[in-house]
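Enquirer: Mind having a look at this structure? Questions to follow.
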Amino acid sequence: MNSKSTWVWLGIAATLFAVIVIVEKFGPKPPPGPMPLIPGFQAGLVTSVQLGLSDQPSEIQAVRTNGTWQLIKPITYPAQKVSIETLLVVLQQLAPAMVIPGSEVRQRKNADQEFGFAKPQAALTLKTRDKVVPILIGSRTAPGDQVYVHIAGLEGVYLVDAALLKLLPRNVDDWRDSAFADLQPLRFDHINISNTVASLEVQRDLTNLLWRLTRPMSARADSQRINLALQKLNTARVTRFVTDDAKADLESYGLNAPELELTLSQETNVVATYQFGRSPTNDSTQVFARRLGLSTIVTVPNDLLELWRGPLNQFRDPHVVTFSRPVDRIDLTGTEPFTLQRVSSNSWQIAQATLPVDATLVEGLLTTLGNLSVEQFKDSITESDLPRYGLVNPYRQVQVSSVVTNGSGSTNLVMATLSFGTTNGEYFVRRSDENPVYAIAASQAQQIPVYPWQLRERRIWNFNENDVVRLFFKQPDQQVELRRAGTNTWVLPPSVPGILNSFGIEETVHRLGELTATGWIGHGEGLREKFGFGTNNVTLTLELKDRTKYVVEFGGASADSYPYAVVTLDGEPWYFEFPLALHEYMLFYLKPQAGSK
């Protein structure tokens with residue numbers, strides 16, 4: 001081979017290589033993976049799905065409108081969106097396992113019978129705005145794991161996974177929306193409730209989203225109950241589609257005069273009405289129901305409707321007051337008026353006293369006020385009614401306010417003013433902005449403090465057990481002196497026999513260093529006899545390294561068996577209920593056990 005021929009062949013090879021590179025880089029790419037069953041099909045563009053089933057007399061058709069699906073054949077009813085769109089997505093992604101070319105199909109004399117297209121299991125028609133895709137689903141293959149499919153307009157027969165059949169409905173009920181009342185897309189602010197014992201209307205405040213009774217009276221509604229009832233209604237699922245006959249005998253279902261009817265409205269425009277009748281003869285757990293505008297009668301679980309049943313008062317707010325804003329000021333008038341003012345997020349002060357205030361007790365007061373439960377409603381109150389409730393001269397008044405800051409400064413926004421009365425051992429409360437009187441439990445009324453000192457900081461003192469050098473525990477029958485010799489080491493005087501539990505004593509002293517009153521019961525002179533203090537009481541004295549002494553004396557006991565104790569604070573005696581567990585620690589650990597030293 002001469003050099004000239006060599007260069008010619010090299011030039012041809014280089015040209016071929018360049019063509020290959022260009023085609024690989026810039027030429028059309030074959031689609032990745034297997035070819036789809038329906039080329040170019042997009043599930044999201046489908047506006048109508050029509051299905052004929054070999055064992056059903058009527059076609060099923062659903063149309064998509066504004067993102068929702070509606071059945072229009074053989075009935076009009078909301079469709080099950082998930083089932084329909086799952087089928088469409090699977091069809092978009094489905095790839096045939098095998099294709100029988102059109103030329104081969106044409107060679108078979110009885111191809112339609114062979115592949116099951118003469119009497120197909122299903123005839124599916126998918127419509128978009130500009131395209132119609134008819135699909136025939138024939139018989140299964142001999143093994144049964146695949147099924148023959150033909151797409152109109154395309155040659156050939158496709159074999160696809162027989163699991164496709166499971167996505168097709170067996171009847172129209174399979175594609176009905178099983179949600180009885182889908183409330184999510186509905187906009188409503190009124191609910192008319194009519195049951196066997198009450199007829200009422202509630203309205204939702206668009207500002208705070210709380211419900212209020214507007215008929216037959218104006219009153220605060222139980223928003224928690226109504227919201228929970230709506231939630232349960234929204235989750236109710238149809239257990240059986242009974243009939244679609246528009247001429248069905250409503251009386252036989254208890255729907256001619258429904259036992260419960262709910263009408264949802266946006267201002268005066270009715271959005272939806274739901275009716276509930278009696279239970280089927282053989283199943284008291286279900287109840288017949290329907291939505292006006294649809295001829296369909298269904299059954300739904302009976303227990304989901306319990307919150308909608310009941311008399312008027314069960315729909316009223318069971319609490320005397322609910323605080324929608326942070327409370328910054330509490331004015332209490334009565335035996336000894338005083339004002340609580342918030343200083344910071346977790347700090348309060350009493351305007352009329354210099355006492356340190358227990359923030360936990362104040363929060364407890366707010367919790368008590370917020371938890372005041374109405375035991376009985378006394379409506380249509382006139383001035384002549386007030387004496388029977390002890391409200392001509394209330395024994396206690398509480399006003400709760402919040403600080404509102406605006407461009408012109410800060411002002412107190414009064415959220416509630418409550419007057420408390422009592423007669424014959426019963427307790428009542430009335431709001432200044434409402435007519436009714438509410439009967440409340442005595443236990444709740446008695447939790448409201450009468451005196452400012454009841455809210456004093458309950459931590460009595462604070463020291464570390466490492467600072468304690470000795471303690472004296474005086475009882476009527478003996479007096480014990482214990483000295484601290486080191487961490488977890490306590491000793492008796494040399495002349496005193498007995499065995500000590502040093503670890504128990506250390507823990508007891510640690511807790512005594514953080515002594516906190518369970519509750520204050522009084523202060524000042526002249527109360528010793530009232531609380532069971534005599535001349536020979538149990539007394540505990542703790543001495544610190546700096547010679548400071550802390551003394552607590554014990555007297556009688558409360559009805560709940562809490563020991564009464566007294567300490568001196570600010571130069572006067574303060575009486576309180578002593579922590580029960582700590583008292584038991586003292587009696588057990590601060591006395592030496594019998595035995596040789």
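The values are calculated or read from the model by the stated rules, or taken from the named source; none is laboratory data. This structure is a prediction, so every number in the text was calculated from the model and none was measured. Neighbour counts run over all protein chains shown; Cβ positions are idealised from the backbone, glycine included. Just the protein is used for accessible areas: all its heavy atoms, side chains included, with ligands, DNA and RNA removed. Shrake-Rupley method; radii C 1.70, N 1.55, O 1.52, S 1.80 Å.
Enquirer: Filtering the range 118-165 down to residues that are over 20 Å from Gln93 (Cβ atoms) and of a type in the set (S, T, N, Q), which residue is least open to solvent (accessible area, probe 1.4 Å)?
Expert: Among residues in the range 118-165 that are over 20 Å from Gln93 (Cβ atoms) and of a type in the set (S, T, N, Q), the one least open to solvent (accessible area, probe 1.4 Å) is Thr141.
Enquirer: A follow-up question, please. Which pairs have Cβ atoms under 7 Å, sit 6 or more apart or on different chains, and link a residue in the range 548-559 that is without any contact (Cβ under 8 Å) to a residue 24 or more places away in the chain and among the acidic types (Asp, Glu) to one that is in a loop (DSSP other than H, G, I, E, B) and open to solvent by less than 60 Å² (accessible area, probe 1.4 Å)?
Expert: Glu553/Phe533; Glu553/Asn537
Enquirer: Residues Gln56, Gln61: which one is open to solvent by 50 Å² or more (accessible area, probe 1.4 Å), of a type in the set (S, T, N, Q) and either under 25 Å from Asp245 (Cβ atoms) or in contact with a helix residue (DSSP H, G or I) (Cβ under 6 Å, 6 or more places away or on another chain) (or both)? Walk me through it before giving the result.
Expert: Details: Gln61 fails: open to solvent by 50 Å² or more (accessible area, probe 1.4 Å).
Exactly one of Gln56, Gln61 is open to solvent by 50 Å² or more (accessible area, probe 1.4 Å), of a type in the set (S, T, N, Q) and either under 25 Å from Asp245 (Cβ atoms) or in contact with a helix residue (DSSP H, G or I) (Cβ under 6 Å, 6 or more places away or on another chain) (or both), namely Gln56.
Enquirer: If Ile448 satisfies all but one of (1) farther than 16 Å from Val320 by Cα; (2) surrounded by 17 or more Cβ atoms within 10 Å (Cβ to Cβ); (3) at pLDDT below 95; (4) in contact with a helix residue (DSSP H, G or I) (Cβ under 7 Å, 6 or more places away or on another chain), what's the number of the condition it fails?
Expert: (1)
Enquirer: Which residues, counting only those in the range 365-379, are touching a residue at least 40 places away in the same chain (Cβ under 8 Å) and part of a helix (DSSP H, G or I)? Show your work before the answer.
Expert: Initially, the range 365-379 is screened for residues touching a residue at least 40 places away in the same chain (Cβ under 8 Å), giving 365-366, 368-379.
Of everything in the range 365-379, those that are touching a residue at least 40 places away in the same chain (Cβ under 8 Å) and part of a helix (DSSP H, G or I) turn out to be Leu365, Leu366, Thr368, Leu369, Gly370.
Enquirer: Hey, can you tell me all the residues within the range 474-488 that are outside any strand (DSSP E or B) and either within 52 Å of the chain's Cα centre (by Cα) or aliphatic (A, V, I, L, M) (or both)?
Expert: Let us first name the residues in the range 474-488 that are outside any strand (DSSP E or B), namely 476-477, 487-488.
Once the filter is applied, which keeps residues that are outside any strand (DSSP E or B) and either within 52 Å of the chain's Cα centre (by Cα) or aliphatic (A, V, I, L, M) (or both), the range 474-488 yields Thr487, Asn488.
Enquirer: Let me ask something else. Checking Leu471 against (1) in a loop (DSSP other than H, G, I, E, B); (2) of a type in the set (A, V, I, L, M, F, W, C); (3) open to solvent by less than 20 Å² (accessible area, probe 1.4 Å): exactly one of these is not met. Which one?
Expert: Of everything listed in (1) in a loop (DSSP other than H, G, I, E, B); (2) of a type in the set (A, V, I, L, M, F, W, C); (3) open to solvent by less than 20 Å² (accessible area, probe 1.4 Å), Leu471 misses just condition (1).
Quick grid of which residues meet (1) assigned to a strand (DSSP E or B); (2) at pLDDT 95 or above; (3) touching a helix residue (DSSP H, G or I) at 6+ places or on another chain (Cβ under 9 Å):
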position: Ile381; (1), (2), (3): no, yes, yes
position: Ser384; (1), (2), (3): no, yes, no
position: Arg388; (1), (2), (3): no, yes, no
position: Leu391; (1), (2), (3): no, yes, yes
position: Val400; (1), (2), (3): yes, yes, yes
position: Thr405; (1), (2), (3): yes, no, no
position: Asn412; (1), (2), (3): yes, no, no
position: Tyr427; (1), (2), (3): yes, yes, yes
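Enquirer: Considering only the range 137-145, I want to know if a residue exists there that is under 47 Å from the mean Cα position of the chain (by Cα) and either at pLDDT 95 or above or not in a strand (DSSP E or B) (or both). I'd like the intermediate steps shown before the answer.
Expert: Step one: filter the range 137-145 for residues under 47 Å from the mean Cα position of the chain (by Cα), giving 145.
Imposing the further condition that a residue be either at pLDDT 95 or above or not in a strand (DSSP E or B) (or both) reduces the set to 145.
Yes, the range 137-145 contains a residue that is under 47 Å from the mean Cα position of the chain (by Cα) and either at pLDDT 95 or above or not in a strand (DSSP E or B) (or both).
Enquirer: Same structure, new question: Regarding Arg483, is this residue within 30 Å of Ala359 (Cα to Cα) and either open to solvent by 70 Å² or more (accessible area, probe 1.4 Å) or free of Cβ contacts under 8 Å to residues at least 12 places away in the same chain (or both)?
Expert: Details: within 30 Å of Ala359 (Cα to Cα): no; either open to solvent by 70 Å² or more (accessible area, probe 1.4 Å) or free of Cβ contacts under 8 Å to residues at least 12 places away in the same chain (or both): yes.
So Arg483 fails the test.
Enquirer: In addition: Filtering the range 451-468 down to residues that are assigned to a strand (DSSP E or B) and under 29 Å from Leu365 (Cα atoms), which residue is least open to solvent (accessible area, probe 1.4 Å)? Give the derivation first.
Expert: Of the range 451-468, the ones assigned to a strand (DSSP E or B) are 456, 459, 468.
Filter again for under 29 Å from Leu365 (Cα atoms), leaving 456, 459.
Working: Arg456: 17, Arg459: 96 Å².
Top of the filtered list is Arg456.
Enquirer: Let me ask something additional. Can you give me the number of residues within the range 512-527 that are under 50 Å from the mean Cα position of the chain (by Cα) and either of a type in the set (Lys, Arg) or over 24 Å from Arg470 (Cα atoms) (or both)?
Expert: Start the filter on the range 512-527 by keeping residues that are under 50 Å from the mean Cα position of the chain (by Cα), which leaves 512-524, 527.
Keeping just the survivors that are either of a type in the set (Lys, Arg) or over 24 Å from Arg470 (Cα atoms) (or both) gives 518-524, 527.
Going through the range 512-527 one residue at a time, the tally reaches 8.
Enquirer: Kindly state which strands (runs of 3 or more DSSP E) lie completely within the range 545-591 and contain at least 1 residues that are over 15 Å from Val468 (Cβ atoms), open to solvent by less than 70 Å² (accessible area, probe 1.4 Å) and in contact with a helix residue (DSSP H, G or I) (Cβ under 6 Å, 6 or more places away or on another chain). Let's see the steps before the verdict.
Expert: Working: elements: 549-557, 563-569, 572-577.
Answer list for the range 545-591: 563-569.
Enquirer: Any chance you could count how many residues in the range 559-568 are under 10 Å from Gly532 (Cβ atoms) and modelled with pLDDT under 95?
Expert: Filtering the range 559-568 for residues under 10 Å from Gly532 (Cβ atoms) gives 563-564.
Narrowing the set further to residues that are modelled with pLDDT under 95 leaves none.
Going through the range 559-568 one residue at a time, the tally reaches 0.
Enquirer: A further question follows. Out of (1) surrounded by fewer than 17 Cβ atoms within 10 Å (Cβ to Cβ); (2) at pLDDT 95 or above; (3) not in a loop (DSSP other than H, G, I, E, B); (4) not small (Gly, Ala, Ser), what's the single condition that is false for Val362?
Expert: Every condition holds for Val362 apart from (1).
Enquirer: Pairs please, first residue from the range 238-251 and in contact (Cβ under 8 Å) with a residue 60 or more places away in the chain, second anywhere and assigned to a loop (DSSP other than H, G, I, E, B), Cβ atoms under 8 Å, 6+ apart in sequence or on different chains.
Expert: Val238/Ser178; Val238/Phe180; Phe241/Thr296; Asp244/Ile75; Asp244/Ser295; Asp244/Thr296
Enquirer: Residue by residue through the range 166-183, note down the ones that are over 30 Å from Thr273 (Cβ atoms) and either in contact with a strand residue (DSSP E or B) (Cβ under 7 Å, 6 or more places away or on another chain) or open to solvent by less than 40 Å² (accessible area, probe 1.4 Å) (or both). Working first, answer last.
Expert: The first filter runs over the range 166-183 and keeps only residues over 30 Å from Thr273 (Cβ atoms), leaving 166-168, 170.
Correct list: Leu168 only.
Enquirer: Is there any pair linking a residue in the range 324-347 that is closer than 13 Å to Val414 by Cα and without any contact (Cβ under 8 Å) to a residue 40 or more places away in the chain to one that is assigned to a strand (DSSP E or B) and open to solvent by 80 Å² or more (accessible area, probe 1.4 Å), with Cβ under 7 Å and at least six apart or on different chains, and which?
Expert: Partner pairs satisfying both residue conditions: none exist.
Enquirer: Please work out which one of (1) of a type in the set (S, T, N, Q); (2) open to solvent by less than 30 Å² (accessible area, probe 1.4 Å); (3) farther than 29 Å from Val327 by Cα is the condition Ser401 fails and give its number.
Expert: Every listed condition holds for Ser401 apart from (3).
Enquirer: Restricting to the range 523-534, give me the number of residues that are open to solvent by less than 20 Å² (accessible area, probe 1.4 Å) and either of a type in the set (D, E, K, R) or in contact (Cβ under 8 Å) with a residue 60 or more places away in the chain (or both).
Expert: Final tally of qualifying residues: 0.
Enquirer: Pull out all pairs, ordered by first then second residue, where Cβ-Cβ is under 7 Å, the residues are six or more apart or on different chains, the first lies in the range 37-49 and is surrounded by 11 or more Cβ atoms within 10 Å (Cβ to Cβ), and the second is among the basic types (Lys, Arg).
Expert: Close Cβ pairs (under 7 Å, with a partner that is among the basic types (Lys, Arg)) amount to Val46/Arg64; Val46/Lys127; Thr47/Arg64; Thr47/Lys127; Thr47/Arg129; Ser48/Lys127.
Enquirer: Mind counting the residues in the range 429-445 that are touching a strand residue (DSSP E or B) at 6+ places or on another chain (Cβ under 6 Å), assigned to a loop (DSSP other than H, G, I, E, B) and open to solvent by 40 Å² or more (accessible area, probe 1.4 Å)?
Expert: So the count comes out to 1.
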